[in-house]
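Written below as structure tokens is the structure these notes are about.
The values are calculated or read from the model by the stated rules, or taken from the named source; none is laboratory data. Because the structure is predicted, anything quoted here is derived from the model rather than measured. Neighbour counts run over all protein chains shown; Cβ positions are idealised from the backbone, glycine included. Heads up: the accessible areas ignore ligands, DNA and RNA and are worked out on the full protein's heavy atoms, side chains in. Shrake-Rupley method; radii C 1.70, N 1.55, O 1.52, S 1.80 Å.
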Amino acid sequence: MTLFNRKSRWGTKSLFALALAAMVGMVGVAHAQDGAIKDPERTHYYEVFKNKRVVFVPVFMGLDLTEGWSKMMSIQAKRLGYSYVVRNANFDTSAGVQILTQLLNEKPKPDVVVIQNPDVTSYAKLEKQMEDAGIYVIQLNMKSLTMTTGFAGADATVIGETQADWVVKQCGPNTSRKVLILNGPTTAPWTVYMQEGYNNVLSKNPDIKVVARQSIGNYDSSKAKSITEVTLKQHPDLCAIMGVWDIPDLATGAAVKDAGKSGKVLVSTSGGGGEVACKGLQTKAFDHYVSYDVPGQSRAVNDLIQMALQLRDKPGKIKVAHYTPLSVLTQADVDSHKCWTIDSLK
């Protein structure tokens, strides 16, 4: 009996100690669940952006593309606390070269420069020099022949393939199979890379007859319209037109409409998926539209900016390309698509 009582007293004390320890542990867990544990990375994350400077060098401001990208970049800069400025090349390549040269020689230098290339060569050497000098270079949508720390943008070759695939399907045996191709500047990324896409498809479809490949210069709407007008007179049985970009292709579509050939001569184009896309499809200026989604591209370039500002490696050591998703719109489904506006970007 005595032995039993001793064991019972020892067991009671042990259970009490265990219960007390468990209660202390539960208090600790409850305390943690109340939010007392700090995210160990959070402070460093926000500190790294302080006193940093990002510069955007577009081909031209005032376009839905560049205004959309810039608005989203400025929103992130404000949220994270770094400086963001725009240096507009204003459709002047020599002015763009001068801007990049000034940035290269500035003291202190910017931390990141986001560049929209007017062509594949003019900025390429400077982009390498900037990275060699410690500036992270991110290329946006229009890429040079030099790969830098980052690229975010559409795959122009796939856009060309997508347009050409659609045209091949539309211009079947019951049509003339005649096609007009409208290009941008001769060495622009949106010309040379897109041509590769066209060629990838057309080389497999020799029945398609390309009656002309013509440059509309610096995305000149009046040239797009005049070339289309002349071609329609020379080839009134033209089946389709593959245009380079939605803004000048509004004029392309207008020329088709003026000739009384809407729905007979089909227009395929591409762009950022904004109001111009919906307007062109709803007014039947466009029949087929490949969207590269400016809001999505803006998120991609913002991610690359964040990455660059957090990198410890020297510029150019890490190189990341982000080809952003594409979507196709037609007159039949445009009403189900909500085209973005500058005001809708947040």
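Being modelled with pLDDT of 95 or more and either surrounded by fewer than 18 Cβ atoms within 10 Å (Cβ to Cβ) or in a strand (DSSP E or B) (or both) is the requirement here; does K338 meet it? Even if it seems obvious, please write down each step before you answer.
Details: modelled with pLDDT of 95 or more: no; either surrounded by fewer than 18 Cβ atoms within 10 Å (Cβ to Cβ) or in a strand (DSSP E or B) (or both): yes.
Criteria not met by K338.
Just checking, does region 264-272 include any residue being within 19 Å of the chain's Cα centre (by Cα), of a type in the set (S, T, Y) and modelled with pLDDT of 95 or more? Steps first, please.
Kept after step one, since they are within 19 Å of the chain's Cα centre (by Cα), are these residues of region 264-272: 269-272.
In the following step, the residues that additionally are of a type in the set (S, T, Y) were identified as 269-270.
Subsequent filtering for residues that are modelled with pLDDT of 95 or more retains 269-270.
Yes, region 264-272 contains at least one residue that is within 19 Å of the chain's Cα centre (by Cα), of a type in the set (S, T, Y) and modelled with pLDDT of 95 or more.
When the residues of region 147-175 are narrowed to those that are open to solvent by 20 Å² or more (accessible area, probe 1.4 Å) and among the hydroxyl-bearing types (S, T, Y), which ends up nearest to K109 (Cα to Cα)? Show your work before the answer.
Residues of region 147-175 open to solvent by 20 Å² or more (accessible area, probe 1.4 Å): 147, 155, 157-158, 161-162, 165-166, 168-170, 173-175.
Add one more test, that the residue is among the hydroxyl-bearing types (S, T, Y), and what stays is 157, 162, 175.
Values: T157: 34, T162: 41, T175: 58 Å.
Per the stated criteria, the residue is T157.
Check S14, S74 and return the single one that is polar (S, T, N, Q) and modelled with pLDDT under 95. If you could, list the steps in order and put the result at the bottom.
Numbers: S74 fails: modelled with pLDDT under 95.
Exactly one of S14, S74 is polar (S, T, N, Q) and modelled with pLDDT under 95, namely S14.
Among strands (runs of 3 or more DSSP E) lying entirely in region 90-207, which contain 2 or more residues that are over 26 Å from S222 (Cβ atoms) and in contact with a Pro (Cβ under 8 Å, 6 or more places away or on another chain)?
Values: elements: 112-115, 136-140, 150-153, 178-183.
Of the strands (runs of 3 or more DSSP E) lying wholly inside region 90-207, those with at least 2 residues that are over 26 Å from S222 (Cβ atoms) and in contact with a Pro (Cβ under 8 Å, 6 or more places away or on another chain) span 136-140.
Answer yes or no: is there a residue in region 86-97 that is among the small types (G, A, S) and buried (at least 17 other Cβ atoms within 10 Å of the Cβ). Don't jump to the end; show me each part of the working.
Our first condition is that a residue be among the small types (G, A, S); within region 86-97, this holds for 89, 94-96.
In the following step, the residues that additionally are buried (at least 17 other Cβ atoms within 10 Å of the Cβ) were identified as 89, 96.
Yes, some residue in region 86-97 is among the small types (G, A, S) and buried (at least 17 other Cβ atoms within 10 Å of the Cβ).
Could you please let me know if K264 is among the basic types (K, R), without any contact (Cβ under 8 Å) to a residue 12 or more places away in the chain and either in a helix (DSSP H, G or I) or out of contact with any His (no Cβ under 9 Å at 6 or more places or on another chain) (or both)?
Details: among the basic types (K, R): yes; without any contact (Cβ under 8 Å) to a residue 12 or more places away in the chain: yes; either in a helix (DSSP H, G or I) or out of contact with any His (no Cβ under 9 Å at 6 or more places or on another chain) (or both): yes.
So K264 fits the description; yes.
For region 212-240, give me each residue that is assigned to a loop (DSSP other than H, G, I, E, B) and either more than 19 Å from D119 (Cα to Cα) or hydrophobic (A, V, I, L, M, F, W, C) (or both). Spell out the reasoning first.
Going residue by residue through region 212-240, those that are assigned to a loop (DSSP other than H, G, I, E, B) are 216-220, 235-239.
Those that are assigned to a loop (DSSP other than H, G, I, E, B) and either more than 19 Å from D119 (Cα to Cα) or hydrophobic (A, V, I, L, M, F, W, C) (or both): I216, H235, P236, D237, L238, C239.
What are the residues in region 125-146 that are crowded, with 17+ Cβ neighbours inside 10 Å and either without any contact (Cβ under 8 Å) to a residue 60 or more places away in the chain or over 16 Å from the mean Cα position of the chain (by Cα) (or both), if any?
Residues of region 125-146 that are crowded, with 17+ Cβ neighbours inside 10 Å, as a first pass: 126-128, 130-131, 135-144, 146.
Those that are crowded, with 17+ Cβ neighbours inside 10 Å and either without any contact (Cβ under 8 Å) to a residue 60 or more places away in the chain or over 16 Å from the mean Cα position of the chain (by Cα) (or both): L126, E127, K128, M130, E131, I135, Y136, Q139, K143, S144, T146.
Condition check: open to solvent by 30 Å² or more (accessible area, probe 1.4 Å) and either touching a strand residue (DSSP E or B) at 6+ places or on another chain (Cβ under 8 Å) or outside any helix (DSSP H, G or I) (or both). Does G68 satisfy that?
no
Can you find, within region 301-324, the residue that is surrounded by the most Cβ atoms within 10 Å (Cβ to Cβ) among those that are in contact with an Asp or Glu (Cβ under 7 Å, 6 or more places away or on another chain) and under 22 Å from A154 (Cβ atoms)? Before the answer, list the steps.
First, the residues of region 301-324 that are in contact with an Asp or Glu (Cβ under 7 Å, 6 or more places away or on another chain): 309, 315-316, 323-324.
Adding the requirement that they be under 22 Å from A154 (Cβ atoms) leaves 323-324.
Numbers: Y323: 16, T324: 18.
Checked region 301-324; the qualifying residue surrounded by the most Cβ atoms within 10 Å (Cβ to Cβ) is T324.
When region 300-335 is examined, which residues are found to be in a helix (DSSP H, G or I) and modelled with pLDDT of 95 or more? Spell out the reasoning first.
The first filter runs over region 300-335 and keeps only residues in a helix (DSSP H, G or I), leaving 300-310, 334-335.
Result: A300, V301, N302, D303, L304, I305, Q306, M307, A308, L309, Q310.
Return the residue satisfying two criteria in turn: it lies in region 222-251 and is open to solvent by less than 70 Å² (accessible area, probe 1.4 Å) and among the β-branched types (V, I, T), and of such residues it is farthest from Y292 (Cα to Cα). Explain how you work it out, then say what you get.
Start the filter on region 222-251 by keeping residues that are open to solvent by less than 70 Å² (accessible area, probe 1.4 Å), which leaves 224-228, 231-232, 235, 238-251.
From the residues that got through so far, the ones that are among the β-branched types (V, I, T) too are 227-228, 231, 241, 244, 247.
Details: I227: 26, T228: 25, T231: 28, I241: 19, V244: 13, I247: 14 Å.
Here the residue is T231.
If Y193 satisfies every condition in (1) more than 19 Å from the chain's Cα centre (by Cα); (2) open to solvent by 20 Å² or more (accessible area, probe 1.4 Å) but one, which is the exception?
(1)
With at pLDDT 95 or above, within 20 Å of L266 (Cβ to Cβ) and touching a Ser or Thr at 6+ places or on another chain (Cβ under 9 Å) as the only criterion, which of L180, L232, L202 stands out?
Values: L232 fails: touching a Ser or Thr at 6+ places or on another chain (Cβ under 9 Å); L202 fails: touching a Ser or Thr at 6+ places or on another chain (Cβ under 9 Å).
Only one candidate passes the filter, namely L180.
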